[in-house]
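Single-structure report; data block below.
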Amino acid sequence: MWRIVLTSVLVSAILAIGAAYPLTAPAQDDKLPSKADASCINCHADYPKTPNLFAGKIYDVSSKANTIQLQINKDMEIIHFNDATVLKNAPSFKEIPKQESVRIKYTIKDGKTVATQVEVKKGIEVPKEQLAEVDDIAKLVAMGPEKGKYLLLDSRPPNMYAEGHIPTAVSMPFSAFDKLANELLKDKETLQIYYCAGYT
């Protein structure tokens with residue numbers, strides 16, 4: 001009788017603990033918080049709202065431990081990678097230059113932050129014949145879009161466009177390119193000129 005009472009007390013205690021602290025692990029599709037460097041958010045305003053994402057600069061990569069030290073503003077994140085991690089725009093993890101900007105999609109596995117994809121920021125290579133001189137653009141702007149037969153597109157985030165832009169420029173943020181392309185780029189004969197906050 002005494003033994004049965006003790007068992008029922010233990011069962012009650014275990015049930016109470018289980019209710020307060022569920023023992024089930026979070027589902028794989030749980031949306032984990034994102035974290036991005038301020039310099040990344042300047043052009044990618046959607047980063048803070050994108051789950052399971054880190055964006056920052058490479059501080060160090062350890063091929064022995066299969067870890068990436070990612071600097072996000074003044075904070076440091078340790079992210080693990082494995083054979084299943086997809087690497088974009090770099091030949092190998094050890095060849096990613098320090099201070100290179102990267103975007104990392106991640107999940108939590110066995111209590112560790114594991115990268116599912118690491119994308120290194122790709123440099124822009126523009127053929128010389130597609131580059132325009134500032135003086136040439138200034139002449140077109142002076143003529144206006146109709147007479148100059150051009151479309152000047154500002155691919156910076158909307159808040160930067162609102163702060164100031166080149167006269168006659170139309171806002172076409174990089175993040176909304178696909179959405180706005182059909183609307184803004186109907187006339188294939190019109191010269192399209194793009195500029196942003198970086199390579200212009």
For this session: Mind listing whichever residues of the range 166-176 are open to solvent by 50 Å² or more (accessible area, probe 1.4 Å) and in a loop (DSSP other than H, G, I, E, B)?
Result: 166, 167, 168
For this session: Sort out which residues of the range 142-165 are exposed (fewer than 15 other Cβ atoms within 10 Å of the Cβ) and either in contact (Cβ under 8 Å) with a residue 60 or more places away in the chain or within 29 Å of the chain's Cα centre (by Cα) (or both), and write them in order of number.
Result: 158, 159, 162, 163, 164
Problem set entry | the range 80-112, residues that are under 14 Å from residue 37 (Cβ atoms) and in contact with a Ser or Thr (Cβ under 8 Å, 6 or more places away or on another chain) | 101
Exercise. Looking at (1) loosely packed, with under 10 Cβ neighbours inside 10 Å; (2) of a type in the set (Asp, Glu); (3) more than 29 Å from residue 193 (Cβ to Cβ), can you tell me which one residue 75 breaks?
Worked result: (1)
Exercise. Is one or more of the residues making up the range 122-132 modelled with pLDDT of 90 or more and either of a type in the set (A, V, I, L, M, F, W, C) or within 30 Å of residue 58 (Cβ to Cβ) (or both)?
Worked result: no
Exercise. Could you list, in sequence order, the residues of the range 34-48 that are more than 10 Å from the chain's Cα centre (by Cα) and over 9 Å from residue 72 (Cα atoms)?
Worked result: 39, 42
Exercise. Quick one: what pairs do we get from the range 171-182, first residue under 13 Å from residue 195 (Cα atoms), second aromatic (Phe, Trp, Tyr) and open to solvent by 30 Å² or more (accessible area, probe 1.4 Å), C-beta under 7 Å, 6+ apart or different chains?
Worked result: 171/161
For this session: Please work out if residue 139 is open to solvent by 90 Å² or more (accessible area, probe 1.4 Å), modelled with pLDDT of 90 or more, over 28 Å from residue 46 (Cα atoms) and not small (Gly, Ala, Ser).
Result: yes
Exercise. If you scan the range 130-141, which residues turn out to be closer than 17 Å to residue 170 by Cβ and outside any loop (DSSP other than H, G, I, E, B)?
Worked result: 137, 140, 141
Problem set entry | Qualifying positions in the range 94-113 - buried (at least 17 other Cβ atoms within 10 Å of the Cβ) and at pLDDT 95 or above | 102, 103, 104, 105, 106, 113
For this session: From (1) surrounded by fewer than 11 Cβ atoms within 10 Å (Cβ to Cβ); (2) within 20 Å of residue 30 (Cβ to Cβ), pick out the condition that doesn't hold for residue 130.
Result: (2)
Exercise. Taking into account only those residues within the range 38-51 that are part of a loop (DSSP other than H, G, I, E, B) and in contact with a helix residue (DSSP H, G or I) (Cβ under 9 Å, 6 or more places away or on another chain), which is surrounded by the most Cβ atoms within 10 Å (Cβ to Cβ)?
Worked result: 44
Exercise. Can you tell me how many residues in the range 33-57 are among the hydrophobic types (A, V, I, L, M, F, W, C) and under 20 Å from residue 69 (Cβ atoms)?
Worked result: 6
Problem set entry | Within the range 19-37, considering residues that are in contact with a strand residue (DSSP E or B) (Cβ under 8 Å, 6 or more places away or on another chain) and modelled with pLDDT of 85 or more, the one most open to solvent (accessible area, probe 1.4 Å) | 35
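The values are calculated or read from the model by the stated rules, or taken from the named source; none is laboratory data. From a predicted model like this one, the values you see are computed outputs, not experimental measurements. Cβ: placed from backbone, ideal geometry, glycine included. Neighbour counts: every protein chain shown. Please note that ligands, DNA and RNA were not included when accessible areas were found on the heavy atoms of the full protein model with its side chains. Shrake-Rupley method; radii C 1.70, N 1.55, O 1.52, S 1.80 Å.
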